[in-house]
Amino acid sequence: TRFPVVVLGAGPAGLTVGNILRAAGVDCLVLETESREFIEQRPRAGVIEEWAVRGLERRGLAGRLLERAERHSECEFRFDGRGHRFSYTELTGRHHWIYPQPLLVTDLVREYADVRGGEIRFGVRDVRLHDLDSDRPAVSYTDPDTGERRLVRCDFVAGCDGARGASRAALPPSVRTSRHDYGIGWLALLAKAPPSADRVLFGMHPAGFAGHMPRSPGVTRYYLQCPPGDDPGNWPDDRVWEQLQQRLRAADRPPLREGRLLEKRVLDMHNYVVEPMVYGRLLLAGDAAHLVAPIAAKGMNLALNDAFLLGDGLVAQLAEGDSAGLDGYSAACLRRVWDYQEFSQWLSGIYHGTSHGDPHRAGTTLARLRRLFSSPVAAAAFAEQYLGTAGAY
Ligand code: RFL
């Protein structure tokens, strides 16, 4: 068989690319190792930046999101035993959109497969990439129903298969991956509990960072800083809630609303960037090309930015023979990627700077924080990076 494009991975990046191709009448095949039920329920990100919402909307992909997503206009820093609200919408006129990743993936799969008639295979095994440096690359996989190997020839492979996919593994050593380790762990938690505030909360505490992120009326995401490589077994529910209450305590706010913990995972915080994001006929997008620790909630946004540029570039190439978009693809993506990498490191300094037992570092961290509430220029700069700018890259 042959398709102009094979897309690896049905996450936000791969499904967005697939939808853009189908809307332009370009045939493609999406291959996904998990089942449809699994990807429609996998909990992860929840924040979408306004420019990304507009990008989805322009491509006919935001119908249900616009009906159901919550719009946030402020976040809150908790330090010095008090809550400090930061109203970014007042400063910029723009919002953060809260829409859990499984809902976005569900919408994108439905639109791609059920509305636009796109081809997709779930549960494929042993995906391999071939002849990437020729103009007739191919992808092979094991069919889950028959157990047979299948080979699909194509013009381009869109590598959207995430941090542990086959695309990254297929890159030769000449493609550079640079990495940053924060030396910090986060215990990522999902609680069956209503949010304790209608905004994101960041707790900067000597015992470590804690975060509160509303996801839906009954589910809240929390994070607790912990040693990297820590065992979730060290965190029974009562220890989790005791630490959350302590690190997010503010004299002028009510305590957190507790509930059963649905997910407890330790994340070793790190970032990486593959540069360039293209090798021969393989074009990487999303987490396959770059990872950013969930510190600044940027990962899904970068995946969408890549997918818009890649989808549009592939359509221009395959439908009109215009190669400019694909030629400039990697450089165009990497400008936003590096900007968000830098912001995540800067924000990590604020989140984790009070908890190292180093009073000098704690002092400078609190000075940075207070500056956000005393200097309009510092506040505007923070708001711009926190929300991500639309077209400044
Ligand atoms: P995904 O979503 O990982 O999708 C990749 C898909 O590829 C499949 N796959 C393969 N398919 C074919 N062949 C193979 N060999 C394959 N190997 C794997 C996988 O099953 C999967 O379906 O990558 P994509 O599309 O690049 O999207 C990236 C985002 O998922 C990611 O950046 C975000 O989830 C990061 N992230 C957050 N981003 C935000 O913008 N805001 C947030 O608030 C936010 N919170 C988070 C996060 C990530 C987290 N985890 C995973 C550490 C919170 C957490 C806990």
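Nothing in this text is a laboratory measurement; each read-out follows from the coordinates by a stated rule. Because the structure is a prediction, the values reported are computed rather than measured. Note: ideal-geometry Cβ built from the backbone for every residue, glycine included; neighbour counts use all protein chains shown.
Return one quarter of the surface area of the convex hull spanned by the alpha-carbon atoms of the chain, equal to its mean projected area, in nm².
19.5
What is the calculated FRET efficiency for Ser73 to Ala251, with r their C-beta to C-beta distance and R₀ = 22 Å, to the nearest 0.05?
0.35
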* To do: Return P(r) of segment 223-330 (all Cα-Cα pairs; 5 Å bins starting at 0; whole %; ordered from short to long distances).
  => 2, 10, 15, 14, 12, 10, 9, 8, 7, 6, 4, 2, 0
* To do: Take the Cα gyration tensor of segment 120-199, multiply each eigenvalue by 5, square-root it, and list the three semi-axes largest first, rounded to whole angstrom.
  => 35, 21, 12
* State the dimensionless ratio Rg/Rh of segment 336-393 (Rg: radius of gyration of Cα atoms; Rh: Kirkwood radius). => 1.03
* Calculated P(r) tail over 15 Å for segment 181-263, as whole % of Cα pairs -> 54
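Given that compact globular proteins tend to follow 2.2 N^0.38 Å, what is the ratio of the alpha-carbon Rg of segment 251-393 to that value? Each step should come with its number before you reach the end.
On the way: Rg = 19.5 Å, N = 143, 2.2 N^0.38 = 14.5 Å.
Scaled against compact globular proteins, the figure is 1.34.
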* Would you please calculate the Kirkwood hydrodynamic radius of segment 20-81 over all C-alpha pairs and express it in Å, rounded to one decimal? => 15.3
* Asked: Where does each of Lys298, Lys192 land when they are ranked from fewest to most other beta-carbon atoms within 10 angstrom?
  -> Lys192, Lys298
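Estimate the FRET efficiency between Ser216 and His360 by the formula 1/(1 + (r/R0)^6), using the beta-carbon distance for r and 30 Å for R0, to the nearest 0.05.
Approximately 0.15, to the nearest 0.05.
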* Structure fact -> Sorted by chain and number, the residues with a modelled amide H under 5 Å from that of Val30, at a separation of 5 or more or across chains, are Val7, Glu119, Ile120, Arg121
* Structure fact -> Fewest-first ordering of Thr33, Thr146, Thr1, Thr16 by Cβ atoms within 10 Å yields Thr146, Thr1, Thr33, Thr16
* Where does the chain land at 222 nm, in deg cm²/dmol rounded to the nearest 500, when only DSSP H runs of n ≥ 4 count, each adding -39500 (n - 2.57), divided by all residues? -> -10500 deg cm²/dmol
* Got a sec? Which residues in segment 223-262 would a label at Phe373 touch, if it sits 7 Å along Cα→Cβ and we count backbone N under 11 Å? -> 251-252
* Relative contact order for segment 73-147, counting Cα pairs under 8 Å that sit 6 or more residues apart, in percent -> 16
* Asked: Which value results when the Cα radius of gyration for segment 1-135 is divided by 2.2 N^0.38 Å?
  -> 1.30
* Which order do Arg239, Arg215 fall in if you start with the one that has the fewest other Cβ atoms within 10 Å? -> Arg239, Arg215
* Asked: Gap in Å between the Cα centre of segment 78-152 and the Cα centre of segment 335-370?
  -> 30
* Asked: Just for the chain, what percent of DSSP beta bridges are antiparallel, to the closest 5?
  -> 75
* Structure fact -> In the chain, whole DSSP H helices that both stretch 30 Å or further along their axis by alpha carbon positions and average at least -1.0 on the Kyte-Doolittle scale are 299-320, 329-352
* What is the distance, in nm, between label points placed 7 Å from the Cα along the Cα-to-Cβ direction at Gln345 and at Ala319? -> 4.0
* Once you charge only the Cβ atoms, +1 for Lys and Arg and -1 for Asp and Glu, what is the size of the charge dipole of the chain about its Cα centre, to the nearest 20 debye? -> 800
* Output the peptides 311-322, 170-181 sorted from most to least packed, where packing is the average of other Cβ atoms within 10 Å over each peptide's residues. => 311-322, 170-181
